[in-house]
Amino acid sequence: MLSFNLEYLRDNFSLTIEPTQLPLLCGVFGPSGVGKTTLLRVLAGLEPPRNGDIFFASQTWFNRNTNLSSHQRPLAFVTQGSYLFPHLSVKQNIQLSSRINAADLDYLLKLFDLEPLLDKKADQLSGGQAQRVALVRALATKPKLLLLDEPLSAIDRGSATKLLKGLKAWLIKHNIASLMVSHNPEDLIFFSDKVLLVELNKTCELGDSLQLINRFNDQHKQTLVLKVALAERKADLGWRWFKFGEQHLLAESANDLSEDTHLVGFKPSNIVIAKSFVENCSAQNQWLAKVLAITVTELSCLIEVELEGLTFSVPISPSAQQALSLQVNQSVYLLHKAVKLHNQF
């Protein structure tokens, strides 16, 4: 669908992407300031690259001889700012450029919960409401490519999860290619099996979203994600037991779970390490893992562990390591409070 190679230069900032062909849906991930939004703007024709090629389907959007303007590219671009016409109503903002039939538009209005807002002026909307309007307005133009830059950032997590499920289903049904920037790892992993990892002064890497995001986030001490499946164990209302590999995980969970595979994010800094299973403990998540490496400095200690195929580092204090005397290849238990685990998808 979308393929490109780019060299972009502005002042002291540069972005280089080797020849890349993206799947129908793809995430874009990386730290702030590395050029994720710039990439979308270049693909949209809002900023020209220094060199490169951009192709969509059989159409050339940019090369040394061609540079189609934004309105010539069959795309829609949704940013963190909604950019609605403030003097128009929600209905008028959407209808201004709508190309879809009435039934499809009604479906989108229900999906994004906009029916009660249709007669409101855009400047009367909250940030989250305006973002939902911007998403529907973009989809109503019948784009062949949808560029999304943190499109759910102003929407509460419960609503954002529901909207992303509906949005993904719509894009697949209508064969709309999409590239989504987000700092939420669960959103990106749910959205696509592939992610484009953008890092400063490094070659952009396209690969498995779960593996790339977990690798990057482990290096930067951020949230890791587990793919889990529903388990048969009974749990209290609002909670669910999941299974990953041969182990179980208890997390807060929504009532409506329609997928076979689910995602749970966790932070290694919330983990407590024990040398054996702890009886009569409030931490119901106790996972058996293997110590792979131990890195001790004067101020810190990192215990690299392997848990059902996932490798990551758990920070503990040097004094804790001195008390535990952990060794490489030793089996340990990782304790994690269930109240710190949330199943969004």
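Taken together, the values in this text are just the output of simple stated rules run on the coordinates, not laboratory data. The shown structure was predicted, so the numbers you read here are calculated from the model rather than taken from an experiment. Ideal geometry is used to build each Cβ from the backbone, glycine not excepted, and the neighbour counts take in all protein chains shown.
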Item to check | Proximal lysines to LYS243, defined as alpha-carbon separation beneath 19 angstrom and excluding residues fewer than eight positions away on the same chain | outcome: LYS227, LYS234, LYS267, LYS290, LYS337, LYS340
Item to check | Ordering of 291-299, 261-269 by burial proxy (mean other Cβ atoms within 10 Å per residue, highest first) | outcome: 261-269, 291-299
Checklist outcome for this item: Bridge orientation stat for the chain from DSSP, antiparallel percent rounded to 5, came to 75
Next on the checklist: So for segment 224-343, averaging the separation of alpha carbon pairs under 8 Å that are six or more residues apart and normalising by length, what relative contact order in percent results?
Outcome noted: 30
Item to check | Virtual spin-label span in nm between LYS173 and ASN329, 7 Å along Cα→Cβ | outcome: 5.6
Checklist entry - Distance in nm between label sites at SER317 and LEU237, each 7 Å beyond Cα in the beta-carbon direction? => result 4.1
Checklist outcome for this item: The extension gain from LEU200 to ALA229, computed as 0.36 nm times the residue separation minus the Cα-Cα distance, is 6.9 nm
Item to check | Phi-based couplings in Hz for segment 52-67 (Karplus 6.51, -1.76, 1.60; Gly and Pro marked x) | outcome: x, 9, 10, 10, 10, 6, 9, 9, 8, 9, 8, 7, 5, 10, 9, 8
Item to check | GLN95-GLU18 pseudo-label distance in nm [points 7 Å out on the Cα-to-Cβ vector] | outcome: 5.2
Checklist entry - So which lysines pass the test for LYS36, namely a Cα distance under 21 Å, with those fewer than 8 places away in the same chain ruled out? => result LYS144, LYS168, LYS194, LYS202, LYS221
Next on the checklist: Between THR66 and GLU304, what is 0.36 nm times their sequence separation minus the Cα-Cα distance? Round to one decimal in nm.
Outcome noted: 80.7 nm
Checklist entry - Using the scaling law 2.2 N^0.38 Å as the reference, what is the normalised Cα Rg of the chain? => result 1.13
Checklist entry - What order do you get for 181-190, 335-344, 10-19, 68-77 when each peptide is scored by the mean count of other beta carbon atoms within 10 Å, highest first? => result 181-190, 335-344, 68-77, 10-19
Next on the checklist: Counting each pair of different Cα atoms once, what's the Kirkwood radius of segment 224-343 in Å, rounded to one decimal?
Outcome noted: 15.1
